[in-house]
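For reference, the structure discussed in these notes is given below.
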Amino acid sequence: MKKSLIIITLWMLFIPVISIAQVTYQKEIRSLMEAKCSKCHGPQAPLIDEFKKDKERFAKENIGPRMDSYPLLLEFVKGKDAGAIMRRLDDGKSKEDKKPGNMYVYLGKDEEEKQKNLKIFKDWVGSWNLKRKADLSEDELKKITAPQ
Ligand code: HEC
């Protein structure tokens, strides 16, 4: 009796550890970005400042700003361009107009894969906020985790 109680207690201690295992950049996001986004946001792409100078031309050639490292990507999550990742990858379901962000399409080959990968991004970011940087409060910014 005593022994089985100990076993059950130990079990319960482990369950939360398993279920809150964090999504991190190194574990999941880096390879996901490589597979789905690097064609246009990889090492060949211009840095954001350079991109901004000639946005129209780059966009026409289907070249986006470079995002192939943790610090580069973080700028679009909670840095200078905070919220951009969320706005672009959102599936639109919680929005009034139901329009997905224009990068949602690249998340997968079908709806199922897109939803699965969107969930990984959501878990990583921690707080999915579609606001622009200027409209984000300190508190909302703090809730965006996106661990390395
Ligand atoms: C076929 C090329 C292509 C692929 C693949 C692609 N993107 Fe993009 N992305 C672009 C282009 C071009 C722009 C700039 C034009 C625009 O703003 O729509 C852009 C813009 C963005 C922006 C906005 C950057 C800013 O200036 O604020 C984000 C965020 C983004 N992409 C994320 C992603 C993510 C994440 C993926 C992978 C799931 C991805 N993109 C896949 C071409 C691509």
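Take the residues in the stretch 77-97 that are under 21 Å from LEU32 (Cα atoms) and among the basic types (Lys, Arg), then tell me which one is surrounded by the fewest Cβ atoms within 10 Å (Cβ to Cβ). Applying the filter and picking the extreme gives ARG88. With respect to the conditions (1) more than 12 Å from the chain's Cα centre (by Cα); (2) near the ligand (Cβ under 8 Å from one of its atoms); (3) among the charged types (D, E, K, R); (4) within 23 Å of THR145 (Cβ to Cβ), LYS80 falls short on a single one, namely (2). Within the stretch 98-114, the set of residues being surrounded by fewer than 14 Cβ atoms within 10 Å (Cβ to Cβ) and more than 8 Å from the ligand (Cβ to nearest atom) comprises LYS98, LYS99, VAL105, LYS109, ASP110, GLU111, GLU112, GLU113. Candidates LEU32, LEU47, LEU5: the one that is surrounded by 10 or more Cβ atoms within 10 Å (Cβ to Cβ) and over 18 Å from LYS119 (Cβ atoms) is LEU47.
Would it be correct to say that SER69 is without any contact (Cβ under 8 Å) to a residue 40 or more places away in the chain, more than 11 Å from the ligand (Cβ to nearest atom) and within 20 Å of TYR104 (Cβ to Cβ)? Answer is no for this residue.
Taken together, the values in this text are just the output of simple stated rules run on the coordinates, not laboratory data. Since the structure is predicted, the reported quantities are computational estimates derived from the model, not experimental observations. Virtual Cβ from ideal backbone geometry, glycine too; neighbours counted across all protein chains shown.
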